[in-house]
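Visitor: Mind looking over this structure? Questions follow.
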Amino acid sequence: MSRNVGSLAVAALLVLGTACSQPNSSSYPDAVAVQPAAARVLALACGFVSEGVGVFVAPDLVATNAHVVAGGEQIQIRTAESTIDATLVGFDPNLDLALLKTRVMPPGVFVPEIATEDPIKGDIGLVAVFSDEGKFVTIPYEVTRAIVASGTDIYGQGKHFRRALDLETIIRPGDSGAALFDQATNVVGIAFASSRSVDGVTYAIAASELRGFLEASDPSTTVDSGACY
């Protein structure tokens, strides 16, 4: 079953920086260059197939959204050249991030750098996703705000804060976990939800949260996938 980009409600937004920030002068990255960094993620969970997108953060590690693989009994990574079984080695339902380890090293992978600074208002780039037919495509985005988002975890529980981005872009169900690339092909965020009330507004987890999540994860240890989403 194809999953929506996300259903996490953003209960409160704290804007970082000033409202008068000027758009940055930048250009779009090369779509061909970022293609080998992206992969489709499929998880069998509670009798359904959840679909999403991931990005390689190491030759055998893929980051995606936690809600894509929540409750997953079997997980696969699909690249342009192969379909590979994967195990879950990182899972944070509060940040909505997950880390997958492929059972064998996939060929032809590009591992991008994760940005050391989060993007700001006016920054532009490309979101790496896949069409319904599995063809790699990119969608342009522009950062409209850097925020601290207050909301529940993926199961609607508790109250959690995370650094996030407001984006002007449109992504579809099944695009959860898609990476945002800047002009230097660095990963600056991970898309996790689209607005239910405003067309063309998407939310992404900022690169700083992704870096912290990866540093806290242990790729040598499998973890539980939690309850189905």
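Visitor: Within segment 167-176, is even one residue small (Gly, Ala, Ser), closer than 16 Å to Gly54 by Cα and in the same structural domain as Val143 (by TED's automatic domain parsing)?
Guide: Checked segment 167-176: at least one residue is small (Gly, Ala, Ser), closer than 16 Å to Gly54 by Cα and in the same structural domain as Val143 (by TED's automatic domain parsing).
Visitor: Of all residues in segment 194-208, which are surrounded by fewer than 23 Cβ atoms within 10 Å (Cβ to Cβ) and in a helix (DSSP H, G or I)?
Guide: Ser208 - this is the single residue of segment 194-208 that is surrounded by fewer than 23 Cβ atoms within 10 Å (Cβ to Cβ) and in a helix (DSSP H, G or I).
Visitor: Check every one of the strands (runs of 3 or more DSSP E) wholly within segment 58-174 and list those with 2 or more residues that are of a type in the set (Lys, Arg).
Guide: So the answer is 160-168.
Visitor: Thr102 fails exactly one of the following numbered conditions: (1) within 20 Å of Thr221 (Cβ to Cβ); (2) touching a helix residue (DSSP H, G or I) at 6+ places or on another chain (Cβ under 6 Å). What is the number of that condition?
Guide: Going through the list (1) within 20 Å of Thr221 (Cβ to Cβ); (2) touching a helix residue (DSSP H, G or I) at 6+ places or on another chain (Cβ under 6 Å), Thr102 breaks only (2).
Visitor: Just to verify a result, which residue in segment 116-128, among those that are more than 14 Å from the chain's Cα centre (by Cα) and not acidic (Asp, Glu), is surrounded by the fewest Cβ atoms within 10 Å (Cβ to Cβ)?
Guide: Looking at the filtered set, the residue picked out is Thr116.
Visitor: Additional query: Which of the residues that make up segment 145-164 are of a type outside the set (D, E, K, R), crowded, with 17+ Cβ neighbours inside 10 Å and more than 19 Å from Ala70 (Cα to Cα)?
Guide: Of everything in segment 145-164, those that are of a type outside the set (D, E, K, R), crowded, with 17+ Cβ neighbours inside 10 Å and more than 19 Å from Ala70 (Cα to Cα) turn out to be Ala146, Ile147, Ala149, Ala164.
Visitor: Consider Ala193 carefully, then state whether it is modelled with pLDDT of 95 or more, of a type in the set (A, V, I, L, M) and either assigned by TED's automatic domain parsing to the domain that holds Thr102 or under 16 Å from the mean Cα position of the chain (by Cα) (or both).
Guide: The answer is no for Ala193.
Visitor: Please specify each residue of segment 1-32 satisfying the condition of being surrounded by 13 or more Cβ atoms within 10 Å (Cβ to Cβ), at pLDDT 60 or above and more than 18 Å from the chain's Cα centre (by Cα).
Guide: Result: Ser26, Tyr28, Asp30.
Visitor: Right, something else. For segment 78-87, does any single residue satisfy the condition of being under 16 Å from Pro36 (Cα atoms), acidic (Asp, Glu) and in contact with a Gly (Cβ under 8 Å, 6 or more places away or on another chain)?
Guide: yes
Visitor: Go through (1) over 12 Å from Ala179 (Cα atoms); (2) free of Cβ contacts under 8 Å to residues at least 60 places away in the same chain; (3) not charged (D, E, K, R) one by one and return the number of the condition Thr152 breaks.
Guide: Result: Thr152 fails condition (2) only.
The values are calculated or read from the model by the stated rules, or taken from the named source; none is laboratory data. Predicted model, so just to flag it, every value in this text is computed and none were measured. Counting neighbours? That spans all protein chains shown, and the Cβs are built from the backbone with ideal geometry, glycine included.
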